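Participant: Supplied in structure tokens, the structure appears directly below.
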Amino acid sequence: MRIRRAVVEAIVGQARAETPRECCGLLIGSGELIEAHVAVANTRTGTVAFAVDPAGHFQAIRKARASSLAVVGAYHSHPRSSAIPSETDVREANDPDLLHLIVSLVEPQPVVRGYRIRDGAVHEIPLSVW
Ligand SMILES: [Zn+2]
């Protein structure tokens, strides 16, 4: 999939700002393109899990529809682990069509990787930044 550079930079900025907690949000686009993001409050209080606030989810859907786009993915950060889905991420992934983007802050440079998760199987989706 292709993702706008400005979206990647904004998500990395959010991840850094919310460290040590995981940040989360939704990705808006169409087909293979990710055009925008909506930061959504993490309703979990721990540092190693996230849940997208439902009101924020509806806000993202409205924003997408207003531009004839759709919610095509979700993102969250891993402040202290690599950009690989955790067991919880895999267990809680319930939409096989959604791109799951993970931002890791453990390397000197942030790492952003994308996945689809279907029936517990994780498939990495190559991302190109444009
Ligand atoms: Zn995770």
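Participant: What does the charge count around VAL129 come to, taking other residues whose C-beta lies under 10 Å from its C-beta (Lys +1, Arg +1, Asp -1, Glu -1)? Intermediate results must be reported in sequence, preceding the final value.
Facilitator: Values: positive: ARG2, ARG4, ARG5; negative: GLU9.
Neighbourhood net charge equals +2.
Participant: Provide the solvent-accessible area of VAL111, counting protein heavy atoms only and rolling a 1.4 Å probe, rounded to the nearest 10 Å².
Facilitator: Spelled out: VAL111, probe radius 1.4 Å, area about 50 Å².
Participant: Have a look at the DSSP beta bridges in the chain and tell me what percent are antiparallel, nearest 5. Intermediate values should be presented prior to the final figure.
Facilitator: Numbers: 24 of 34 bridges.
Close to 70 percent.
Participant: If you split all Cα-Cα distances of the chain into 5 Å bins from zero, what percentages do you get per bin, shortest first?
Facilitator: 2, 12, 22, 26, 23, 12, 3, 0
Participant: Sorted from largest to smallest, which semi-axis lengths in Å does the alpha carbon gyration tensor of region 1-74 give for its equivalent ellipsoid, taking the root of 5 times each eigenvalue?
Facilitator: They are 21, 15, 9 Å, listed largest first.
The values are calculated or read from the model by the stated rules, or taken from the named source; none is laboratory data. Keep in mind it's a predicted model, so treat the numbers as computed, not measured. Here Cβ is always computed from backbone atoms with ideal geometry, including for glycine, and neighbour counts include all displayed protein chains. Note: areas computed on protein heavy atoms with side chains; ligands, DNA, RNA excluded. Shrake-Rupley method; radii C 1.70, N 1.55, O 1.52, S 1.80 Å.
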